[in-house]
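First up is the structure itself, then whatever we jot down about it.
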Amino acid sequence: MTLRRPESPFRRLGGESGLSEAKSRDPFFRQRRKGRSTTLGATVGRRAFLAHAAAVAASVTIVPFAAHATPEALAAAIKEVTGGKPLREGKVTLDLPPLVENGNTVPLSVKVDSPMTADDHIKAIHVFNEKNPQPHVFNAWLSPANGRAFIATRIKLADAQKVVAIAETGKGEFWTAHAEVIVTIAACIEDIT
């Protein structure tokens, strides 16, 4: 009596010996066995991939920029928003902690005293800072439908600096408030070395 192993149905279909049925159905299996990767049928060797990646990296242009804004850049950004109109003190309350441990998440709130009627309302709140790479932090656009002129958010600060909030009224007037903040761990640092 001779014992014979039953023949696999996979062998009868012309499959490669030693491979599972799932691997034999994969049209790219043989190419992967040779160390090549395939994407949508295109075969790319390791060396060709590295050569293309190096070419792309070499074509990227690095543009140097200033790591911090200056007080002049702050004044220019404010002038761009206000159009050179005078800034009045009052009506705006800027709430910012005087000492911040981490500059990545600095809580900030701006409240403006306004009836928020169709005739007398706050149109926008603009926030600026002195030493971040870009002095204009954000704009918040409001309407009488808001009910009150109040915003609260978190911002990043690069260093100890002055933060300025400007409220723009529907009549074209600008009210302002500012606060000094000391930051122990800076954020927004872009150092090119």
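Going through segment 128-175 one residue at a time, which ones are among the polar types (S, T, N, Q), over 19 Å from the mean Cα position of the chain (by Cα) and over 17 Å from Thr93 (Cα atoms)? The answer is Ser143, Asn146, Gln161. Here Lys162 passes the criteria (1) surrounded by fewer than 17 Cβ atoms within 10 Å (Cβ to Cβ); (2) over 26 Å from Thr70 (Cα atoms); (3) touching a His at 6+ places or on another chain (Cβ under 6 Å) except the one numbered (2). Whether a residue is under 23 Å from Gly83 (Cα atoms), modelled with pLDDT of 95 or more, of a type in the set (Phe, Trp, Tyr) and in the same structural domain as Pro98 (by TED's automatic domain parsing) was assessed, and Phe150 does not pass this test. For segment 130-178, taking the residues that are hydroxyl-bearing (Ser, Thr, Tyr) and not in a loop (DSSP other than H, G, I, E, B), the one that is farthest from Ser114 (Cα to Cα) is identified as Thr153. Screening Met116 against (1) at negative phi; (2) outside any strand (DSSP E or B); (3) in contact with a Gly (Cβ under 7 Å, 6 or more places away or on another chain) leaves a single unmet condition, (1).
No other residue among Leu94, Leu99 is among the hydrophobic types (A, V, I, L, M, F, W, C) and loosely packed, with under 15 Cβ neighbours inside 10 Å apart from Leu99.
The values are calculated or read from the model by the stated rules, or taken from the named source; none is laboratory data. Keep in mind the model is a prediction, meaning the values are calculated, not measured. Reconstructed Cβ throughout: ideal geometry from the backbone, glycine too, with neighbour counts over all protein chains shown.
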